[in-house]
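**Q** One structure, as structure tokens, below. Some questions next.
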Amino acid sequence: MSIINALKTYIATYSGLKINAPVWVDYLGADPTEYTIIPLAGGRIVESYIDDSSLREYPFAFQSMESTADELERLETQGFYEAFADWLESQTENGDLPELEAGQNAEKIEATGWAYLYQQGDSQTGIYQIQCRLTYTQE
């Protein structure tokens, strides 16, 4: 299973996602609520070891299309992302991490910053984003 597929499967287990809201990769529909995972540019290898194994990172953004019609909805969305970041942190602390391919072992998954309104459209919807990182070892 590819890393992006492992992340999609893993994030879909988050109980805070809206019921029946799809989780996509590199795609986000125009109607709320939908989620997507977008790989980000960045270095892959953090550190190489003498035994040819390495510590690696996979940076990604987690986005959602949300209603921005009123203040309550915007506050709710920000609360969702705070809870999502906390969930990633607790999952790492509990050792409950994505299942990767043979020879790869997830070490940590985390939000690297706060969520923000990434794009406000002409309608009453917007794209929210939080940047995240999966750290893993590869043999």
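**Q** Listing ASP96, ASP31 from the residue with the fewest other Cβ atoms within 10 Å to the one with the most, what is the order?
**A** ASP31, ASP96
**Q** Return the calculated 222 nm mean residue ellipticity for the chain, to the nearest 500 deg cm²/dmol, obtained by summing -39500 (n - 2.57) across DSSP H runs with n ≥ 4 and dividing by the residue count.
**A** Result for the chain: -8000 deg cm²/dmol, rounded to the nearest 500.
**Q** Of the chymotrypsin sites (Phe, Trp or Tyr not before Pro) in region 1-31, which ones lie in a loop per DSSP and count no more than 13 other C-beta atoms within 10 Å?
**A** The qualifying sites are TYR27.
**Q** Any idea what the dipole of region 28-134 comes to, in debye rounded to 20, about its Cα centre with Lys/Arg Cβ at +1 and Asp/Glu Cβ at -1?
**A** For this selection, approximately 340 debye.
**Q** Related question: Where Rh denotes the Kirkwood radius from the mean inverse Cα pair distance, what is Rg over Rh for the chain?
**A** Computed over Cα atoms, the ratio is 1.01.
**Q** Moving to a separate point now. By how many nm would the segment from GLU93 to GLN138 lengthen if fully extended, with 0.36 nm per residue of separation less the alpha-carbon distance?
**A** Stretched out fully, the GLU93 to GLN138 stretch lengthens by 14.2 nm.
**Q** Continuing with this model, one more query. Loop only per DSSP, at most 13 neighbouring Cβ atoms within 10 Å: give me the trypsin sites (Lys or Arg not before Pro) in region 12-121, ordered by residue number.
**A** For trypsin sites (Lys or Arg not before Pro) across region 12-121 that sit outside H, G, I, E and B with at most 13 neighbouring Cβ atoms in 10 Å, the list reads LYS18, ARG44.
**Q** From Cα pairs below 8 angstrom and at least 6 apart in sequence, can you work out the relative contact order of the chain, rounded to a whole percent?
**A** Relative contact order, the chain: 26 percent.
**Q** Right, another one. Could you check which residue among GLU73, GLU99, GLU107 shows the biggest mean-square fluctuation in a GNM of the chain with a 10 Å Cα cutoff?
**A** Comparing GLU73, GLU99, GLU107 in the GNM, the peak value goes to GLU73.
**Q** Any idea what the relative contact order of region 77-139 is, in percent, if you count C-alpha pairs under 8 Å spaced at least 6 apart?
**A** Rounded, it is 33 percent for region 77-139.
Here, each number is a calculation from the coordinates, and none is a lab measurement. Because the structure is predicted, anything quoted here is derived from the model rather than measured. Note that each Cβ is placed from the backbone with ideal geometry, even for glycine, and that neighbours are counted across all protein chains shown.
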